[in-house]
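The values are calculated or read from the model by the stated rules, or taken from the named source; none is laboratory data. Quick caveat: nothing in here was measured; it's all calculated off a predicted structure. All Cβ positions, glycine included, derive from the backbone under ideal geometry; neighbour counts span all protein chains shown.
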Amino acid sequence: MLGTLCFGTHSPNPAQRGKGARFQPLVHTLDLLMPIGGLGQRTAWYWSNDSLQWLAYLLIAFGWVLTTAVIAGATRTLQKN
């Protein structure tokens, strides 16, 4: 939610002019949180604002932590059976 609100109030810079998907703050946030695969937003846009770029890095790190926790939980559940 925080990423969507912050990214929605600012305009990012396109990685390549005239190419890529239209910027969507919610999809961009979800793309940053998913470490594997992608929705095409992460590579199509970048932020010239340092605080928003650091928020993007933070969301990427949080996505890796969340994915690791889900995999650890699933592994533990499968080992009990």
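Some notes on this structure:
- Hits in region 31-81 (condition: at pLDDT 85 or above and touching a strand residue (DSSP E or B) at 6+ places or on another chain (Cβ under 6 Å)): Ser48
- Per-region count, region 6-55, residues touching a helix residue (DSSP H, G or I) at 6+ places or on another chain (Cβ under 8 Å) and part of a helix (DSSP H, G or I): 11
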